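The values are calculated or read from the model by the stated rules, or taken from the named source; none is laboratory data. Just so it is clear, the model here is predicted, and its values are computed rather than measured. Neighbour counts run over all protein chains shown; Cβ positions are idealised from the backbone, glycine included.
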Amino acid sequence: MTSQMSFGFDWDTSVREHIRKLPKLPSHIRYVDEYDEDWRTIESPYQSDVWQLNFDTTRVNINFSKFEDLDVRYLLKHFMFWLLGRNATGYAARCFGALLTIKQSQSETWFLKAIDMPIEEWKLHWDGSWCDSPAEINVHTIKLLLNFFCELSIGHFCTDKQDFIRFLPVRYAKGSRGVQSGEVILTLTEETAIVCYLDEMARKSNNLDDAELLKASLLCISYQHGLRPVQICRLNLAEFTIFEGVDGIKTAHFQAHRAKKRTPEARFGFKRRVKREWSPILVEYLTRRQHSKVWKHSERAKDTKFFPVERSKITTLIGDTTEAITGVRRTAIPLRHTAAQRLVDSGANAEEVAEFLGHSHTKTSLCYFEASPTQAEKLNQALAVSPIYSAISEVAKTKTIDKQKLLRMPADQQVGGVPHGIPISGIGACGIGQSMCAKHPALSCYTCPKFLPVSERSVHSTVFDNLRQVVRFFFDASQGDNQSPAFVQLKTTLEAIKQIIVDIPSEEVGSEHE
């Protein structure tokens, strides 16, 4: 980075006098560990050059001895003390890492020169060195440092200059870029695989082992509710409740808390309800969790937490599970972006999305509206004519069976059904038999690996045309809501049928191909 600072006469001595006149640090510093919901103490902060910070099952040592200049070290100790009183502990730890990065790029002397620089010259230095920085945390840390100077009236800074600092421009890379490009949004195939996985886990929740049940529970909460790992980590066991309806079906409700907020007042709780079809996963988990400690993988995790595992472990487990299901590793953050995009695509407004994500400002959620397709594009996707969805190779089948061999198979293995009033038969064979399948016959078969489609394009083309009429009916009846289970199943099935039609060569009649 370039530097364009100018300084007055004997600036070094003057700045060091300002630093040495700072109030003495207290005998101990107290801060809140939001995970333990308790106070932590840093003893003798002036004498100690290593402060241990505890937050969300993580321990970080911030080592001030990495700054060799004693005056700079004392200045930054005051800054960290100031930060801990105003920001979350984890954010303060990140800011210290940014201070080390700034030292490496600018040298320790920069912190002294920053105090001596006249305010009117800061704009020139900012434009030349920081406003285009790709590291967001570095830029925010410098702004916080300047505000710290203002509040303590260090050098040329005073409280009247805080508005000037607030409006220093920042043109770092937007975090929404991945949303707009679609890189962090799960594909239709990935979502379908996750939904099928959660459906299956819900059906056999009582028979899952502890490790499988933990993974399914984490994925369910992350996928449906878009919670950050830190929010999942902080979920309390006492805040989960099971309600039983008049029909005897149990649903899971819980309270989570907003994260990444600077003030405790902004970290309020909000209620969530687990989807009815997936509640058996959480009901079973809660039942076992209340009678066992089998999931406690670390001494740093508390017994009072719903998931008593480290935050890093939660991130890893979600990534491992999605990779095993879809072949693509997706952690909690892409699942969060996808949940928000799903909400926008179904017609939610900016206030609803901001409330769902826990954002303080609606403008933070606007990137999802920019990436959301139009109603016409939604309909095209549902009708399987959108080029975006035309290359779903995962549902393409490399095996087919001719009609004569299909007719010679047992009746239970010949796929047939009447979905939505449309009779469908002779489309292919089932490897396990329809009587053993827990899914909707005919519609679910096209996306099932046990399905062997018949090698006649005309059969699948007829099914394709008939089901498109059903999709049109659902789209009109729901006024464009493309998130209902029936609508999603029809849309996925049409994609699979279309791919099978494409993959069956015209000469492939009367033979079975591997």
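Every residue, every condition in (1) closer than 24 Å to S222 by Cβ; (2) touching a residue at least 40 places away in the same chain (Cβ under 8 Å); (3) outside the structural domain of R86 (by TED's automatic domain parsing); (4) not in a loop (DSSP other than H, G, I, E, B), yes or no:
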site: W122; (1), (2), (3), (4): no, yes, no, yes
site: D127; (1), (2), (3), (4): no, yes, no, yes
site: V139; (1), (2), (3), (4): no, no, no, yes
site: L144; (1), (2), (3), (4): no, yes, no, yes
site: C150; (1), (2), (3), (4): no, no, no, yes
site: I154; (1), (2), (3), (4): no, yes, no, no
site: L186; (1), (2), (3), (4): yes, yes, yes, no
site: T189; (1), (2), (3), (4): yes, yes, yes, yes
site: A202; (1), (2), (3), (4): yes, yes, yes, yes
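Against the definition (at pLDDT below 90 and surrounded by fewer than 23 Cβ atoms within 10 Å (Cβ to Cβ)), how does E191 come out, yes or no?
It is true that E191 is at pLDDT below 90 and surrounded by fewer than 23 Cβ atoms within 10 Å (Cβ to Cβ).
Which one is nearest to K305 (Cα to Cα), of the residues in region 220-244 that are buried (at least 23 other Cβ atoms within 10 Å of the Cβ) and aliphatic (A, V, I, L, M)?
Across region 220-244, the extreme among qualifying residues is I232.
Taking region 143-173 only, how many residues are out of contact with any helix residue (DSSP H, G or I) (no Cβ under 7 Å at 6 or more places or on another chain) and not small (G, A, S)? Steps first, please.
The initial filter retains those residues of region 143-173 that are out of contact with any helix residue (DSSP H, G or I) (no Cβ under 7 Å at 6 or more places or on another chain), namely 152-153, 160, 163, 166-167, 169, 171, 173.
Applying the additional criterion that residues be not small (G, A, S) yields 152, 160, 163, 166-167, 169, 171.
Total meeting the criteria: 7.
Which residues, counting only those in region 30-51, are outside any loop (DSSP other than H, G, I, E, B) and surrounded by 13 or more Cβ atoms within 10 Å (Cβ to Cβ)?
If the condition is that a residue be outside any loop (DSSP other than H, G, I, E, B) and surrounded by 13 or more Cβ atoms within 10 Å (Cβ to Cβ), then Y31, V32, D33, R40, I42, W51 are the ones that fit.
What do you reckon, is S176 among the hydroxyl-bearing types (S, T, Y), closer than 24 Å to H361 by Cα and either modelled with pLDDT of 90 or more or surrounded by 16 or more Cβ atoms within 10 Å (Cβ to Cβ) (or both)?
Criteria met by S176.
Out of region 63-77, which residues are part of a helix (DSSP H, G or I), touching a strand residue (DSSP E or B) at 6+ places or on another chain (Cβ under 9 Å) and more than 13 Å from R20 (Cα to Cα)?
F64, S65
Have a look at E200, E121, E183 and point out the one that is modelled with pLDDT under 85, within 30 Å of the chain's Cα centre (by Cα) and of a type outside the set (S, T, N, Q).
When all the criteria are applied, what remains is E183.
Of all residues in region 310-343, count the ones that are hydroxyl-bearing (S, T, Y) and in contact with a Gly (Cβ under 6 Å, 6 or more places away or on another chain).
1
Only residues that are at pLDDT below 85 and under 17 Å from M117 (Cβ atoms): list them for region 132-159, please.
G155, H156
I'd like the residue in region 265-310 that is among the aromatic types (F, W, Y) and modelled with pLDDT under 85 and, out of all such residues, is nearest to R86 (Cα to Cα).
F268
Against the conditions (1) modelled with pLDDT of 90 or more; (2) surrounded by 20 or more Cβ atoms within 10 Å (Cβ to Cβ), where does T316 fall short? Just the number, please.
(2)
I need the full set of residues from region 320-332 which are crowded, with 17+ Cβ neighbours inside 10 Å and either closer than 14 Å to V184 by Cα or modelled with pLDDT under 90 (or both), in order please.
Residues satisfying the conditions are T322, R330, T331, A332.
Can you list residue pairs whose Cβ atoms sit under 8 Å apart, with the first residue in region 42-59 being more than 30 Å from Q231 (Cα to Cα) and in the same structural domain as A92 (by TED's automatic domain parsing) and the second being among the small types (G, A, S) and assigned to a strand (DSSP E or B)? Count only pairs 6 or more apart in sequence or on different chains.
Once the first residue is more than 30 Å from Q231 (Cα to Cα) and in the same structural domain as A92 (by TED's automatic domain parsing) and sits in region 42-59, no partner that is among the small types (G, A, S) and assigned to a strand (DSSP E or B) comes close enough.
Can you tell me which residue in region 127-139 is farthest from the chain's Cα centre (by Cα), limited to those that are under 21 Å from W82 (Cβ atoms) and crowded, with 18+ Cβ neighbours inside 10 Å?
Residue satisfying both the conditions and the ranking: W130.
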